[in-house]
Structures are given as structure tokens and as C-alpha cells.
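The values are calculated or read from the model by the stated rules, or taken from the named source; none is laboratory data. None of the values given here were measured: they were computed from a predicted structure. We place every Cβ from the backbone using ideal geometry, glycine too, and count neighbours over all the protein chains shown. With ligands, DNA and RNA removed, areas are computed over all heavy atoms of the protein, side chains included. Shrake-Rupley method; radii C 1.70, N 1.55, O 1.52, S 1.80 Å.
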Amino acid sequence: MWRGGPKFDDERRRELAAAFAAGGEHYEKVRPGYPQEAAAWIIPPGARTAVDLGAGTGKFTELLVAEGLDVTAVDPSADMLAQLARRLPGVHCVQAPAEHTGLPGSSADVVVAAQAWHWFDPAAATREAARLLKPGGRVGLVWNQLDTRVPWVHRLSRIMHAGDVHKPDYRPPSGPELHGWEQVEVRWEDPITPEGIIELTKSRSYYLRASEKHRRKVEDNLAWYLFEHLGHSPGQTLALPYISQAWRATETLG
């Protein structure tokens, strides 16, 4: 039984995902990367080719490249892909939805989606991921989640209206084409300033879809919390705790 995560109908999913159609430069600047351990755990032995669905600006793509894979990055946003192409010129970019990539079948040793699967139609995305896999290939899903077991981070997440908070019981929805799911968690910290946390908040779907009045309220509350309540100084480097939750499907069904 899949549980514990956000539940969107198709209309709401498309509405929220549309907030990321632009703003690629800001997203690239303020969003954290991922621990290399997550990518290494997902990639099957001997893999050579990868497809990154919902690749965005390439935060996870660069880990696949670092592992020596020939990567195709797929995203519906031209703006996001422009940032990826600038940073990773050797990656083939395809502007398309994850559910219908247009890529040839049985062409990838590994198909991944980082911080993106919840924006897809899970049944259609599962079928497409399974179609893209070579025999014996693997699908990997990854999320960075704020470690809200830490009290100050828990309160921060509430002020940010962050959806990517740690949910130990979460399981990603998947169609029947994939099974044999395994999970791993990687705990890590992202060095960031108080100003960086405010900018990070501005890259999230809640903020992007909010009115100017609500945006200002969020910014003011964050400034109070970080500078006055917690007593941090401008430019001070903080360690923001994350948990990267990763899943892999090791088998496909015919």
C-alpha cells in the first residue's frame, strides 16, 4: 500500500508543476544537490546509459554524469533545460513530459526521477519508465527531504510551507510494470546562509503560486525566525539537515 505522500488530482498536479516552467536560473542557484551515495546505490552494475525524467536544471543529472553514464535529460520546461545544457553540455536534452518522452524503447540501463515523481501521472510514468528500460535495467526515485526531527528545522518547514519534509512511511506510487522495490536513506547537511534559506523558499511551489501579500508574509516570518528568534547573523553559514530518500526497482514485468 502506497502512503504518506502528497495526493494531487491531475488538474492540481499540472497547476502546481506549471510554477516551475520558468525561473530555471533561480532554481539552479538556490536548490541543493544530492549525495553521490544515492546515485551510486541506484545505478546497476555495468550501466552505461541513463534517462533522467523531470531533470530540471540537472541537480541529479550531474551525479549520473560523474558516474560515467551517457545521460539523456527530459523535462517539459525549456527554461530549466537551458540551465542544464549550460552546465552539462555533454548531456542530450529532450523537452517532453515524463509520461511521453518520445525516446526509443529499451534504450536505458537506468531511469531516474529526482524530486519529480510526485509531479507525474504515476501510472503513465511507470509505463514509460518500464518501456525505456533495457532488460535487467533499473528505475530509481529520489527525494531530498528536510529532516524535521530536528526541532528548529521542523518549525522552519512550517514557516516555509515546505512539502518536502521527511515522511518515514512514504512509498512512491507505482504501476504494476515495476516491482522488487528497495529503499535507502542518506542523511546529509547542506551549508547555507539565512538569506539562502529565504531564497530557497522562493523556489518552492507554494511561494510561486501565492499572492504577493502571502509571499511578503512568508518572507517576513522567515526573517524574524532566522535573525531574531534563532539569532543568526547575515551571511552566517548554517548546516541545514536533509534526508535523501531513494528507491530502486530492480526488476520489470513483461
| task | Would you mind checking Lys134/Lys167; Lys59/Lys167; Lys29/Lys134 for any pair whose Cα atoms are more than 25 angstrom apart? | result | Lys134/Lys167; Lys29/Lys134
| field | Eligible lysines near Lys213 by straight Cα distance, threshold 24 Å, same-chain separation 8 or greater | value | Lys202
| query | Per residue, how much accessible area does the chain have with a 1.4 Å probe, in Å²? | reply | 46 Å²
| query | Cα centroids of the range 64-83 and the range 197-254: how far apart, whole angstrom? | reply | 23 Å
| message | Could you compute how much accessible surface His154 exposes when probed at 1.4 Å, giving the result in Å² to the nearest 10? | response | 80 Å²
| task | Would you work out which of Val110, Leu81, Gln236 lies farthest towards the positive end of the dipole of the chain? Charges go on Cβ: Lys and Arg +1, Asp and Glu -1. | result | Gln236
| Rounded to a whole number, what % of the accessible area of the chain do carbon and sulfur atoms account for, probe 1.4 Å? | 52 percent
| remark: From most to least accessible, 1.4 Å probe, no ligand or DNA/RNA atoms counted, Asp70, Asp190 line up as Asp70, Asp190
| request: Note down the relative contact order for the range 114-170 as a percent, whole number, built from C-alpha pairs under 8 angstrom at least six residues apart. | output: 31 percent
